[in-house]
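Quick notes on the structure that follows.
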Amino acid sequence: MGIKGEVKKIRTLFIFERTRIHIDSVEDLGDFMELEVCLRDDESAADGERVANDIRQKLGIENEDLLEGAYMDMLNKS
């Protein structure tokens with residue numbers, strides 16, 4: 001398959017309760033945030049989505065601000 005390219009980023013990690021908040025500053029793309037909720041054994045992915053959505057709401061992040069995909073794919077489109 002080969003190498004598609006290189007992504008240069010600086011990541012800052014914050015922990016809020018049981019959620020890892022990654023703040024990435026990606027060269028030539030900008031700043032991004034990812035929420036990673038650590039689920040308990042008895043929780044589903046839907047439970048994690050609810051936790052993440054609650055944090056997003058508290059931070060004022062709207063649905064239209066959300067992006068999907070890899071940084072490399074975004075860089076290749078720009």
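Defining a contact as two alpha carbons under 8 Å apart and six or more residues distant in sequence, what relative contact order in percent does region 8-60 show? Mind showing how you got there, number by number?
Values: 62 pairs, mean separation 12.8, N = 53.
Reported relative contact order: 24 percent.
For the chain, with equal point scatterers placed on the C-alpha atoms only and solvent neglected, what are the log10 I(q)/I(0) values from the Debye formula at q = 0.17 1/Å, to two decimals?
Calculated log10 I(q)/I(0) at the listed q: -0.79.
Given the Cα-Cα distance of Met72 and Met33 and 0.36 nm per residue of separation, how much length would full extension add, in nm? Before the final figure, lay out the partial values.
Working: separation 39, 0.36 × 39 = 14.04 nm, distance 1.57 nm.
So the chain would gain 12.5 nm between Met72 and Met33.
With unit charges on the beta carbons (Lys and Arg positive, Asp and Glu negative) and the dipole taken about the Cα centre of the chain, which residue among Gly30, Leu66, Ala45 sits farthest to the positive side?
In the chain, that residue is Gly30.
Which net charge results when you count Lys and Arg as +1 and Asp and Glu as -1 among the other residues whose beta-carbon is under 12 Å from that of Ile10? Please report the intermediate quantities before stating the final value.
Values: positive: Lys8, Lys9, Arg11; negative: Asp24, Glu27, Asp31.
Local net charge: 0.
So, counting K/R as plus one and D/E as minus one, what does the shell of residues with Cβ under 13 Å around Lys77 add up to?
Value of the local net charge: -2.
Pop out the ³J(HN,Hα) list for region 48-54 in order, Karplus 6.51 cos²θ - 1.76 cosθ + 1.60 with θ = phi - 60°, rounded to Hz; leave Gly and Pro as x.
These are the phi-based 3J(HN,Hα) values: x, 4, 5, 5, 4, 5, 5 Hz.
Quick check for me: using +1 on Lys/Arg Cβ and -1 on Asp/Glu Cβ, what's the dipole size of the chain about its Cα centre, in debye to the nearest 20? Intermediate values should be presented prior to the final figure.
Values: 11 positive and 19 negative charges, 56 e Å.
The calculation lands at about 260 debye.
Any read-out appearing in this document is the output of simple, stated calculations on the displayed coordinates, not a laboratory observation. Bear in mind the structure is a predicted one, so any value in this text is a computation, not a measurement. Cβ sites come from the backbone with ideal geometry, for glycine too, and all protein chains shown count toward neighbours.
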